[in-house]
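Single-structure report; data block below.
Please treat every number below as a calculation from the coordinates, not as lab data. Only a predicted model underlies this, so the values are computations on that prediction, with no experimental measurement involved. Note that each Cβ is placed from the backbone with ideal geometry, even for glycine, and that neighbours are counted across all protein chains shown.
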Amino acid sequence: MAIVNRTRDSFFDQGATFDFGPALEAVERAVADGADWVDIGGVPFSPNAQEVSVREEVERIVPLVAAARERTDVVISVDTVRPLVAHEALAAGADVINDTSGLHDPQLAEVVAEQDGTLIVCHSKAAPREKLPSPAYDDVVAEVRAFLLARVAVALERGVAAERIIVDPGHDLNKNTLHSLELTRRLGELADLGYPLLAAVSNKDFIQETLGRPKDAVLAGTTATHAYCVLQGARILRVHDVAAAVDAVRMTEAILGWRAPVRLQHNV
């Protein structure tokens, strides 16, 4: 899953794809680099980011979704917590709504169900844009697991089909570095919930802090984390550096016997 954000204050690219032209180019480049999926966002998760109205979020997202849908048949998701934005995005050709709030507004699930979409249910303790300093857990994995099951139940009650639900433990979302490392180490305990598991770890703070490197110098650490997540049961990776992630995943799949080599030449 490639990330394309139309935000001025995205944590990683700082607005490089805010304008429509660069954003559409980023979608096309991601597909060319091997992405199976493009995730489009218009509002940063951080509560410190600039406030964006519903109307502005729609204007940022919907034209890009429509243009991307005209150019590719890969999966398109929209990162939003707002039912109206979700409705407009699905109508424009999106397939999936990526809700990082854990269905803080259950109406979003109803919108997804009505339009036969797919829903990503993500763990997040705080309400959208709410600050939560020094989050604490007795057992972060057990608590994330219980939260995801509870919110999946809400999605099912609101009409989302079970086969159209994906879960995301929400690395770094209301979690410190030790929490995110623990989640990663025990990811297999979330992979058995019965829903495809998304890992959104690319270039995140827990990798930066673990390695003591800035965000533009953690590609190797991110790639190692991606491979480990696949081994622990993740089946979707949300990534910034598509080409590197594709190679890491394909190599991991080949080692596991899931993918044949492109060619056999050495010592044959």
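Estimate the FRET efficiency between Ser53 and Glu25 by the formula 1/(1 + (r/R0)^6), using the beta-carbon distance for r and 30 Å for R0, to the nearest 0.05.
Efficiency for this residue pair is about 0.70.
Under the rule of -39500 (n - 2.57) per DSSP H run of 4 or more residues, summed and divided by the residues of the chain, what mean residue ellipticity at 222 nm is obtained, to the nearest 500 deg cm²/dmol?
It lands at -13000 deg cm²/dmol.
List the residues, sorted by chain then number, that are 5 or more residues from Gly41 or on another chain and whose placed amide H is less than 5 Å from its amide H.
Val4, Asn5, Arg6, Asp79
Whole-Hz ³J(HN,Hα) for each residue in the stretch 214-220, computed from phi via Karplus 6.51 cos²θ - 1.76 cosθ + 1.60 with θ = phi - 60°, x for glycine and proline: what do you get?
Per residue, the Karplus-derived 3J(HN,Hα) values read x, 4, 8, 10, 10, 4, 5 Hz.
Expressed in whole Å with the largest first, what are the equivalent ellipsoid semi-axes of the stretch 135-231 derived from the C-alpha gyration tensor as the square root of 5 times each eigenvalue?
Equivalent-ellipsoid dimensions as semi-axes: 26, 15, 11 Å.
Using mean Cβ contacts within 10 Å as the protection proxy, how do 37-49, 91-103 order, highest first?
In descending order of packing, they fall as 91-103, 37-49.
Which residues' amide hydrogens lie under 5 Å from the amide hydrogen of Gly117, considering only partners 5 or more residues apart or on another chain, with H built in the peptide plane?
Amide H to amide H, under 5 Å and 5 or more residues apart or across chains, Gly117 pairs with nothing.
Measuring from centroid to centroid over Cα atoms, what is the spacing of the stretch 1-79 and the stretch 247-264 in Å?
Going from one Cα centre to the other spans 29 Å.
Which residue, Ser180, Ala254, Ala49, has the largest displacement toward the positive end of the dipole of the chain when charges sit on each Cβ (Lys, Arg +1; Asp, Glu -1)?
Farthest along the dipole direction, towards plus: Ala254.
If I take every Cα pair under 8 Å that is 6 or more residues apart in the chain, average their sequence separation and divide by the length, what percent do I get for the relative contact order?
Relative contact order comes out at 15 percent.
Tabulate in residue order the Karplus-calculated ³J(HN,Hα) for the stretch 243-252, using 6.51 cos²θ - 1.76 cosθ + 1.60 with θ = phi - 60°, rounded to whole Hz; enter x for Gly and Pro.
Coupling constants for the stretch 243-252: 4, 5, 5, 4, 5, 4, 5, 5, 5, 4 Hz.
For the stretch 2-255, what is the charge dipole size about the Cα centre, in debye to the nearest 20, if Lys and Arg each add +1 at the Cβ and Asp and Glu each add -1 at the Cβ?
About 380 debye.
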